[in-house]
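Below is one structure; the comments refer to it alone.
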2 protein chains.
Amino acid sequence: MTQIETIRRAAFVGHSPAPFRATWEGPLADLSFAVKDLFDIEGAVTACGNPDRLKAGVIARATAPAVQIPLAAGAQCAGKTHTDEVACGMFGDNEFFGTPINPAAPDRVPGGSSAGSASAVAGGLVDFALGTDTGGSIRVPGSFCGIFGLRTTFGRISVAGVMAMAPSFDTVGWMARSPAVMSRVGEVYFGPTGDLSATRLLLARDAFAIPNPRVAQALLPLARALGPVAEVDLYRGGVAHWLDTFRPLQLGDLHATLGTWAAAEGRQVSASIAQRMALAATVTAADIAPAARWREGLTEHMIDLLGADGVICIPTAHDLPPFVGGGLEQLIEFREKTLALTCVASLARLPQLNIPATMVEGVPVGLSFIAGPRGEERLLAMAATLHAQLPAGRAA
Amino acid sequence: MTQIETIRRAAFVGHSPAPFRATWEGPLADLSFAVKDLFDIEGAVTACGNPDRLKAGVIARATAPAVQIPLAAGAQCAGKTHTDEVACGMFGDNEFFGTPINPAAPDRVPGGSSAGSASAVAGGLVDFALGTDTGGSIRVPGSFCGIFGLRTTFGRISVAGVMAMAPSFDTVGWMARSPAVMSRVGEVYFGPTGDLSATRLLLARDAFAIPNPRVAQALLPLARALGPVAEVDLYRGGVAHWLDTFRPLQLGDLHATLGTWAAAEGRQVSASIAQRMALAATVTAADIAPAARWREGLTEHMIDLLGADGVICIPTAHDLPPFVGGGLEQLIEFREKTLALTCVASLARLPQLNIPATMVEGVPVGLSFIAGPRGEERLLAMAATLHAQLPAGRAA
C-alpha cells in the first residue's frame, strides 16, 4: 500500500459512507472534509468508537446540523473517522478499531479523541475535518499532528445528532492544515467576519510553567516574540483548583450521560472505559455542587481577563505525543498536565485555536490562543499572521 | 378527593419515585421540589411524557447533575412531574397522560412543556420545581399559572441526564411562588450574588405590540410604571426574521435528536408529535445554514442592547391560557405569537425570568425580564422589588 492509503485505512471507519456531497455549488465546493464518527450522517451508523454501537446498527435518519452546514456550502464529505471510544481519550488509541496514524510523526500517537479527523487532515486526505472537543479532543490532536484545530465557544455550533459525552463541555470544531481553510469554514458557520478591534495579546505566564521543559522552553520565546505581549497569571486559586472544578463536573456529566448505557448487561466496552465509568459513578452531589459554583467564578475571571479584545496564549499540551504502544495507560502525569491546560477554555466555555508552532525533536508542537465568548472570528483572523511569525509557519 | 389531592394526581407521574432526600442539612433543607420527568433520577424511569419510553422501562443509573445540586443542598425531592410528550408543547396537554391542573385557573391549561412542575408549584404541593426550557417551556407555564419561572443562560446548568430535544436551545430552570425561594435556589446553583451594578431597565416597545390587546393593554402601563424605563425596539430585521431563524434551527435539532427514535418501527407517539417530527424532517441544510449565521447576528444585537447592566422587559406570552379541551391544535396564532416572544432569549442564549404581574379576567398574566449572559443573579436580585410594584405582588 502507498503511505497515503495506509493513513486512509487507519483514519476512516470501516462503516463509513462513501464520499458524497449535497451540492456542487457554494463557498466550500472545492473542499473535502471528514467527520468524526460521533456525528450522525443520514443512512449510516454512528459507532462512536464502540463495537456494541456498531453491532446495534442503528441507521441515523438525520444528518447532524453541524455536518449539514458545510455540506450546504458545497463541501464534499469524504467519510467518517475513528475516535477514541465514546470520545474518552487523549491519545487516539482505540482498543477495538486501532490507532490512526500521526502523519507528522508516524511512531507517535495522533492524539484524541478526534484522532482520525486529525490524521486525515494532517495526511492531506481531506481539506478539513470535524471533531468534537470536551476537554481537548480537537486541540490536542491538532498539536500532535501539526495542524490547526479550533474548539468553538460552548453552544455556538449545534451538538444535535452528535453523541453527548459531557454536555456541559461538549463542543463541535474543525481542523485544517492552513489558516485560510480554517477561516473559510468559519465564515460558513458564523458568517463573514466583521470589523475586529485590535487584539491585546496576553501571555499566560503560569500556563508555560506546566508543560515538560523541552516544550515550554521551545514555546515561551516564540510566544514572547509574537509582538507586544502582556504577561498575566491565569490560574486564579491555583492549577489544582481548576482541575478540581473540571473533573467532578466532567465525570458527573459522563456518568449521567453514559452511565446507564455502559452498565447495561453484556455491554462490550474496553477496560479503560469500564474503569473510567466506574470512576465517574463515584462522583457525588457533594463533589458536583461546589464545582458548579466554582466554575462560575472561573468563567467570570476569564471574561474579566480577556475583556472585549484580549486573546490569551498558552501551550496546547504537556509534551510531544507519546510513542505508539508505549503504555499509554501509565501516562497519568501527561494527562493531568495536558488537562490543566485544556480545562481553562472548557470550563469558561471559550473558543481556543491550536496553531502549529514549531518542531521539537522533529515532532510538531502547537501553541494555543483563547478568546472571549464568540471570539472565533478574532482567532481565525489572527491565525495567518501568528502562524507566519512561528517556525512552523515560516517553514511552510 | 380534596382539591390538593386532585392537583397532585394530575401533576405527578404514576412511576414517580417516592419523596426522598440526600441529606437533612443544607441551605434548602426546609424546601421540597418536584422534577419534570425529563430528568434522570437514579432508580427511576425517565418517560419524557411518552408511553414507549415508560414501557421500555430503562432504569436510570445516575441522577442528573441539575437534580443533584438541590439534593446536595438538602432539598426534599417530592417526585417527578408530567411533561408534554418529549417536551414538545406549549400548553401542557399530554395525549397519553392527561393535562395537569392550572391551580390559578382550573378551566384553563397550565402551559407546557414543564406543565406538572408548574402545577405542583402553583398548587402549593412543593416549594419549587425543576423544568426545562427550549422555546418557552418554563416561561409560558410560569405566566399561565401565576408563578415565577426562570430560563437560565444556555449552558450554565448541566443538561447531562436530561432528555435532549433541541440541544442548541435546551436549558434547565426552575419555578417557585416567591422571589425569595427563587433566589435561594439560584444561590445553590450559582453561588452567592456579588455586588451588582445598578440595572438599566429597557422596555421592548415592539414586543408589546405582539400579544392579544387584552394582555398588552394590561401589561404595558405596568411595565412603564416600573421606574425609569428606556423604550427600545428589539426585533431588528422584523419579528418574522426572528421566527425564521428560530424555527429551522429548532426543528433541525429536533430531527437530528429524536428523528431516528421517532421513526423506529412500531413507535408509539401521539399524532401531534408524529406531525411535528414529519415537519422537522422537511427542514433542509439550506434552511439551517443561513439561520445559524443569522442567530449570531441576533445574539450580538441582544448583547449590544443589554450592555453590562441592561434588563429588557417583554410580555411572556401572547394571551391568557386557553381553555382545557378547547381545540388546542387549532391555536396556531397563539403558538406563533408566543414563540415570537420566547424565541428572543432562546436564540440569544440568555436568561429570562417570568414574574407574575397581574390578573386579566381573573387569570394570571406574567411579565418577563431578559438579562445578559449569566445575568440570573441580576434578575433574581430584582425580582422581589419588581414583583412588589406589580398588582400580583401587591395582592400577595
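The values are calculated or read from the model by the stated rules, or taken from the named source; none is laboratory data. Source: prediction; values computed, not measured. Virtual Cβ from ideal backbone geometry, glycine too; neighbours counted across all protein chains shown.
So the values come out like this:
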| item | result |
| --- | --- |
| Residue match in region B:85-98 (condition: surrounded by fewer than 19 Cβ atoms within 10 Å (Cβ to Cβ) and in contact with a Pro (Cβ under 7 Å, 6 or more places away or on another chain)) | yes |
| When residues of region A:186-241 are limited to those that are among the hydroxyl-bearing types (Ser, Thr, Tyr) and at pLDDT 95 or above, the one surrounded by the most Cβ atoms within 10 Å (Cβ to Cβ) | A:TYR189 |
| Residue count, region A:351-385 (criterion: in a loop (DSSP other than H, G, I, E, B), touching a helix residue (DSSP H, G or I) at 6+ places or on another chain (Cβ under 9 Å) and under 13 Å from A:ALA105 (Cβ atoms)) | 1 |
| Some residue of region B:302-314 being more than 30 Å from B:ALA216 (Cα to Cα), more than 24 Å from the chain's Cα centre (by Cα), more than 11 Å from chain A (Cβ to nearest Cβ) and not polar (S, T, N, Q) | no |
| Per-region count, region A:257-308, residues charged (D, E, K, R) and without any contact (Cβ under 8 Å) to a residue 12 or more places away in the chain | 5 |
| Meets criteria (among the aliphatic types (A, V, I, L, M), in contact (Cβ under 8 Å) with a residue 40 or more places away in the chain and not in a helix (DSSP H, G or I)) for A:ALA223 | no |
| Flag if A:ALA292 is touching an Asp or Glu at 6+ places or on another chain (Cβ under 9 Å), crowded, with 18+ Cβ neighbours inside 10 Å and assigned to a helix (DSSP H, G or I) | no |
| Check on B:ALA29, among the aliphatic types (A, V, I, L, M) and crowded, with 21+ Cβ neighbours inside 10 Å | no |
| Hey, B:ALA263 facing another protein chain (nearest Cβ under 8 Å) and touching a His at 6+ places or on another chain (Cβ under 9 Å) or not | no |
| Filter result for A:VAL126 (assigned to a loop (DSSP other than H, G, I, E, B) and either over 19 Å from A:LYS80 (Cα atoms) or of a type in the set (A, V, I, L, M) (or both)) | yes |
| Selection from region B:177-220 of residues that are touching a residue at least 40 places away in the same chain (Cβ under 8 Å) and among the acidic types (Asp, Glu) | B:GLU187 |
| Any hit, region B:327-348, residues being within 15 Å of the chain's Cα centre (by Cα) and assigned to a loop (DSSP other than H, G, I, E, B) | no |
| Options A:ALA105, A:ALA34, A:ALA10; residue that is over 28 Å from B:ALA164 (Cβ atoms), outside any loop (DSSP other than H, G, I, E, B), in contact with a strand residue (DSSP E or B) (Cβ under 9 Å, 6 or more places away or on another chain) and touching a residue at least 24 places away in the same chain (Cβ under 8 Å) | A:ALA10 |
| B:GLY124 being modelled with pLDDT of 95 or more, more than 14 Å from chain A (Cβ to nearest Cβ) and surrounded by 24 or more Cβ atoms within 10 Å (Cβ to Cβ) | no |
| Residue match in region A:242-260 (condition: under 21 Å from A:SER368 (Cα atoms), touching a helix residue (DSSP H, G or I) at 6+ places or on another chain (Cβ under 7 Å), surrounded by fewer than 20 Cβ atoms within 10 Å (Cβ to Cβ) and of a type outside the set (S, T, N, Q)) | yes |
| Check on A:GLU5, part of a loop (DSSP other than H, G, I, E, B), more than 9 Å from chain B (Cβ to nearest Cβ), among the charged types (D, E, K, R) and farther than 30 Å from A:ALA271 by Cα | no |
| In region B:146-188, residue farthest from the other protein chains (Cβ to nearest Cβ) [restricted to those that are touching a Ser or Thr at 6+ places or on another chain (Cβ under 8 Å) and of a type in the set (Ser, Thr, Tyr)] | B:SER183 |
| Whichever residue in region B:261-282 is in a loop (DSSP other than H, G, I, E, B) and of a type in the set (Gly, Ala, Ser) and, among such residues, is surrounded by the fewest Cβ atoms within 10 Å (Cβ to Cβ) | B:GLY266 |
